[in-house]
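What follows draws every value from the coordinates through simple rules; no lab data is involved. Predicted, not measured: the structure shown is a model, and the values here were computed from it. Here Cβ is always computed from backbone atoms with ideal geometry, including for glycine, and neighbour counts include all displayed protein chains.
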Amino acid sequence: MTGWFSDFMNHHATYLKWGWIQISISNLLVILLMLTIFTLAVVIPFPSQKNEKKVDRK
Amino acid sequence: MSEMWTAKLRNKWQKNLPIEKLLPDDQPAYVVSWIYLFGVLTLSALAVIIATGVVLAFEGPAWYHVSHAGKFFNSLHFWSVQLFFVFMVIHLWGKFWMAAWRGNRTATWMTGAVAFVASIATAFTGYLVQTTFDSQWISFEAKDGFNSMGVGAWFTVTNLGQMLLLHVAFLPLILGVITVVHVLMVRKRGVVPPIDEVPNFLVEVKS
């Protein structure tokens, strides 16, 4: 592996600490990414088809 | 009606889960939302995990540590697990905020929760059977934790044979069975409606 990714990967994780809470930046980024995907999945309207059948709940 | 147990089972199955519910070709209107996709995305990731896991099991560590194709399948297995957990946790968040246990769906919620725990156990044993320095380090760190709980002699994280069998046989079997039961329950009860959805019978009463 060469380049910036190699430099990025070839050192120990950087941790953020607030008292007894500590989390690596990598894990924090993954959690923030998941929260972003969750929010977008709730907010963004799903593209609907013109001939979509409306089905009543039984 | 026949008294044979096969007939009783068939009748019970047809009553509770007819083929129209098992393989529906339409869904309620409220399902048209991105948040309803994460359950099936989790299943899709699980399918990739199982398929790549079978390949890794047949070819073995001498292949997936050395050859390009082996490293590729090893990475596919690893990254599909990461996606599996991302999709599953977003699915969990979505269902939690929908209060998806409503409408007699408690067992559906509980099987989902148990599947989550079984997935964590399967993933952790996966980290222990990588046959790398990483897995060696993880197992030697983990053994102290398990010994402190008093289960080290029974669940020995440094025992590669035990961890490998748990990872490729026992835990996937448990996870697979729970997942199938979970999906069948979803098909039986239907997808949980939004909290503000007014049932049809209430609309009829009001009008």
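For (1) within 14 Å of chain A (Cβ to nearest Cβ); (2) touching a Phe, Trp or Tyr at 6+ places or on another chain (Cβ under 9 Å); (3) hydrophobic (A, V, I, L, M, F, W, C), each residue gets a yes or a no:
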| residue | (1), (2), (3) |
| --- | --- |
| B:112 | no, no, no |
| B:118 | no, no, yes |
| B:127 | no, no, no |
| B:137 | yes, no, yes |
| B:196 | yes, no, no |
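Can you tell me which residue is surrounded by the most Cβ atoms within 10 Å (Cβ to Cβ) among those in segment B:90-116 that are within 25 Å of residue B:54 (Cβ to Cβ) and of a type in the set (A, V, I, L, M, F, W, C)?
Here the answer is B:115.
Conditions tested, residue by residue: (1) within 24 Å of residue A:36 (Cα to Cα); (2) among the acidic types (Asp, Glu); (3) away from chain A (no Cβ under 11 Å); (4) in contact with a Ser or Thr (Cβ under 8 Å, 6 or more places away or on another chain).
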position: B:31; (1), (2), (3), (4): yes, no, no, no
position: B:41; (1), (2), (3), (4): yes, no, no, no
position: B:55; (1), (2), (3), (4): no, no, yes, no
position: B:60; (1), (2), (3), (4): no, no, yes, no
position: B:63; (1), (2), (3), (4): no, no, yes, no
position: B:69; (1), (2), (3), (4): no, no, yes, no
position: B:81; (1), (2), (3), (4): yes, no, yes, no
position: B:87; (1), (2), (3), (4): yes, no, no, yes
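Kindly indicate whether residue B:115 is touching a Leu at 6+ places or on another chain (Cβ under 8 Å), in a helix (DSSP H, G or I) and under 27 Å from residue B:98 (Cα atoms).
Taking the combined requirement at face value, the residue satisfies it.
Within segment B:56-72, track down each residue that is surrounded by fewer than 20 Cβ atoms within 10 Å (Cβ to Cβ) and assigned to a helix (DSSP H, G or I).
The answer is B:56, B:57, B:58, B:59, B:61, B:62, B:63, B:68, B:69, B:70, B:71, B:72.
Restricting attention to segment B:132-163, which residues are hydroxyl-bearing (Ser, Thr, Tyr) and within 25 Å of the chain's Cα centre (by Cα)?
B:135, B:139, B:156
Provide a single number: the residues in segment B:122-154 that are surrounded by fewer than 16 Cβ atoms within 10 Å (Cβ to Cβ) and of a type outside the set (Asp, Glu).
Qualifying residue count, segment B:122-154: 14.
Within segment B:5-45, can you find the residues that are touching a helix residue (DSSP H, G or I) at 6+ places or on another chain (Cβ under 9 Å) and either outside any helix (DSSP H, G or I) or basic (Lys, Arg) (or both)?
Once the filter is applied, which keeps residues that are touching a helix residue (DSSP H, G or I) at 6+ places or on another chain (Cβ under 9 Å) and either outside any helix (DSSP H, G or I) or basic (Lys, Arg) (or both), segment B:5-45 yields B:17, B:21, B:23, B:24, B:27, B:33.
Which one of these is among the small types (Gly, Ala, Ser), surrounded by 15 or more Cβ atoms within 10 Å (Cβ to Cβ) and more than 30 Å from residue A:45 (Cα to Cα): B:53, B:39?
B:53
Residue by residue, here is whether (1) free of Cβ contacts under 8 Å to residues at least 60 places away in the same chain; (2) out of contact with any helix residue (DSSP H, G or I) (no Cβ under 9 Å at 6 or more places or on another chain); (3) over 19 Å from residue B:86 (Cα atoms) holds:
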residue: A:6; (1), (2), (3): yes, yes, yes
residue: A:9; (1), (2), (3): yes, yes, yes
residue: A:17; (1), (2), (3): yes, yes, yes
residue: A:22; (1), (2), (3): yes, yes, yes
residue: A:25; (1), (2), (3): yes, yes, no
residue: A:28; (1), (2), (3): yes, yes, no
residue: A:41; (1), (2), (3): yes, no, no
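Evaluate segment B:133-152: report whether one residue or more is under 29 Å from residue A:33 (Cα atoms), of a type in the set (S, T, N, Q) and touching a residue at least 40 places away in the same chain (Cβ under 8 Å).
no
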